[in-house]
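Notes to accompany the following structure.
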Amino acid sequence: MDPRDLLRQAFPSYGPDWDAAIEAGVDVSLLEENLRLTPTERLEQLQRMTELYEALRPKESPDDAADA
């Protein structure tokens, strides 16, 4: 079964833009999950993701800086 069909069954339509997002392949369950968070919780989540990104990001070696 197409994942879009599952999303249409699981989530009500909130209008044409919502429906278009599902058709484009957007996982609207993630949107709903994030909208349940308070603004503070969203900022905390963003901070954690930023820290994870920085931790996983390759570090420049001195040789890389010389090539620039």
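Any idea how many residues of the range 16-57 are among the acidic types (Asp, Glu) and either at pLDDT 95 or above or exposed (fewer than 10 other Cβ atoms within 10 Å of the Cβ) (or both)? Working first, answer last.
The initial filter retains those residues of the range 16-57 that are among the acidic types (Asp, Glu), namely 17, 19, 23, 27, 32-33, 41, 44, 51, 54.
Okay, now just the ones that are also either at pLDDT 95 or above or exposed (fewer than 10 other Cβ atoms within 10 Å of the Cβ) (or both), so 17, 41, 44, 51, 54.
Number satisfying all stated conditions: 5.
So in the range 1-15, with the set limited to residues that are in a loop (DSSP other than H, G, I, E, B) and without any contact (Cβ under 8 Å) to a residue 12 or more places away in the chain, which one is most open to solvent (accessible area, probe 1.4 Å)?
Taking the range 1-15 as the starting set, the residues that turn out to be in a loop (DSSP other than H, G, I, E, B) are 1-2, 11-15.
Those left that are additionally without any contact (Cβ under 8 Å) to a residue 12 or more places away in the chain: 1-2, 12-15.
Working: Met1: 158, Asp2: 53, Pro12: 71, Ser13: 73, Tyr14: 137, Gly15: 19 Å².
Once the filter is applied, the top-ranked residue is Met1.
The values are calculated or read from the model by the stated rules, or taken from the named source; none is laboratory data. Note that the structure is predicted; figures quoted are calculated from it, not measured. In this analysis, Cβ positions are derived from the backbone assuming ideal geometry, glycine residues included, and neighbour counts consider all displayed protein chains. Protein only, heavy atoms only, side chains kept; ligands, DNA and RNA dropped before computing areas. Shrake-Rupley method; radii C 1.70, N 1.55, O 1.52, S 1.80 Å.
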